[in-house]
1. Using a Debye calculation, one point per C-alpha and no hydration shell, please list log10 I(q)/I(0) for the range 117-188 at q = 0.23 Å⁻¹ in order.
2. Sequence gap at least 6, Cα distance under 8 Å: using those rules, report the relative contact order of the range 117-188 to the nearest whole percent.
3. Measuring from label point to label point, each 7 Å out along Cα→Cβ, what is the Ser104 to Trp123 span in nm?
Amino acid sequence: MSTSLNSPAPRREPHLLKFGLKQLFLIVTLAGLFCTLIVLTHGPWPLVILAVTLLLLAHVLGNLIGTRLRDTSQEVRQWRATDPRQVPDHPHSTPEPYEMAKLSLPEETNLANFSQLVRGMRWFLLTGFLIGTLLGGTLLAATIGNRVGWSGWVVGTISSAVLGTWVAFLGVSFTAIARDALRQAHSRQ
């Protein structure tokens, strides 16, 4: 008996979302439990259950698709290369090291490694903390001071102080990075 070595059997397309009967039963059971929880709860709880379920479902589905793509990426490339009707899978997501050496990339700017804090960052943060404390405490006392006790006022003031510090950090960091980017962009022209 002679075997033909000229034409191997065509490769099958890889299945990224393949599941069996067990997985189908699990999905139907979980969907039934989800619907039961929605029907049995009242008030805002159905929306909370819906939001949490959709969040978990998106997370699991994203991980499933990402894992399957990672596990079958070589198989998908080989399948595309054997079928002349398929568009080749170029460019690859990560170039090979020898290909990186051939690329003529611009020089690296210090924005790629921007990790230094702005000089005097402590003072900016302290200023944001003080402004948040004073503004938040004053607004709380002026608006709802008669309806809230001391403990509520203290918690609200601390929250305002944290928000003031956070806004100061974001503002100073964004300004420093934007200023550095503009400086580098104008020096290249």
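1. -0.90
2. That works out to 45 percent.
3. Placing both labels 7 Å beyond Cα along the Cβ direction yields 4.6 nm.
Values quoted throughout were computed directly from the atomic coordinates according to the rules given, and no laboratory measurement underlies them. It should be emphasised that the depicted structure is a prediction, and the values quoted were computed from it without experimental measurement. Backbone-built Cβ (ideal geometry, glycine too); neighbour counts: all protein chains shown.
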